[in-house]
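Participant: Here you go, one structure.
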Amino acid sequence: RRCRTYINPFAVFCDGGRRWRCNNCLLLNDVPVDYYCALDANGQRRDKFERPELCQGTVEYVATAEYMTRAPMPPAYVFVIDVSLSACSSGL
């Protein structure tokens, strides 16, 4: 398998819902039989709003060994300082 992208709100389903096109590499992927759902008249899955991975901006996945090329790294911390005009004007 070349494409390792997870299903997301920007993936496009085709062939009546039996395949989906990756929004990162444009590769066509088969939909597993247990994940299949028919498409509506607009080409959207009928269960789109019942599946968080298709309608939410953020979804957490547990990556299987198939998706990992090395052992997980310890968490990294990133500190962000807001220096926008509105933050500086308000004294934040």
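Participant: Chymotrypsin sites (Phe, Trp or Tyr not before Pro), restricted to the range 1-63: which are DSSP loop and have at most 16 other Cβ atoms within 10 Å?
Facilitator: Passing sites in the range 1-63 are Tyr6, Phe10, Tyr36, Tyr61.
Participant: Could you work out what % of the accessible surface of the chain is carbon and sulfur, using a 1.4 angstrom probe and leaving DNA, RNA and ligands out of the count?
Facilitator: 58 percent
Participant: Going by amide H atoms built from the backbone, whose H comes under 5 Å of the H on Phe13, apart from near neighbours?
Facilitator: Arg21
Participant: Per-residue ellipticity at 222 nm for the chain, helices alone: DSSP H runs ≥ 4 residues times -39500 (n - 2.57), over residue total, nearest 500 deg cm²/dmol?
Facilitator: -2000 deg cm²/dmol
Participant: Run the numbers for Asp15 and Tyr77: contour at 0.36 nm per residue of separation, minus the present Cα-Cα distance, in nm.
Facilitator: 18.0 nm
Participant: Are there trypsin sites (Lys or Arg not before Pro) in the range 25-92 that DSSP puts in a loop and that have at most 12 other Cβ atoms within 10 Å, and which ones?
Facilitator: In loop regions of the range 25-92 (DSSP not H, G, I, E or B), the sparsely surrounded trypsin sites (Lys or Arg not before Pro) are Arg46, Arg70.
Participant: Would you mind working out the accessible area per residue for the range 18-71, using a 1.4 Å probe, and quoting it in Å²?
Facilitator: Result: 79 Å² of accessible area for each residue.
Participant: While we're here: Can you give the direction-averaged projected area of the convex hull of the alpha-carbon atoms in the chain, in nm²?
Facilitator: 9.8 nm²
Participant: About the Cα centre of the range 26-92, what is the dipole size in debye to 20, counting +1 per Lys and Arg Cβ and -1 per Asp and Glu Cβ, all else neutral?
Facilitator: 140 debye
Participant: Ordered by residue, what ³J(HN,Hα) values in Hz, to whole numbers, does the range 4-13 give under the Karplus form 6.51 cos²θ - 1.76 cosθ + 1.60, where θ = phi - 60° and Gly and Pro are x?
Facilitator: Values, residue by residue: 10, 6, 7, 4, 8, x, 9, 5, 10, 8 Hz.
Participant: Among residues other than Pro9 whose Cβ falls under 9 Å from its Cβ, what is the net charge (Lys/Arg +1, Asp/Glu -1)?
Facilitator: Once all neighbours under 9 Å are counted, the net charge is 0.
The values are calculated or read from the model by the stated rules, or taken from the named source; none is laboratory data. This one's a predicted model, so the numbers in the text were calculated from it and none came from an experiment. Backbone-built Cβ (ideal geometry, glycine too); neighbour counts: all protein chains shown. All accessible areas refer to the heavy atoms of the entire protein, side chains included, with ligands and DNA or RNA removed. Shrake-Rupley method; radii C 1.70, N 1.55, O 1.52, S 1.80 Å.
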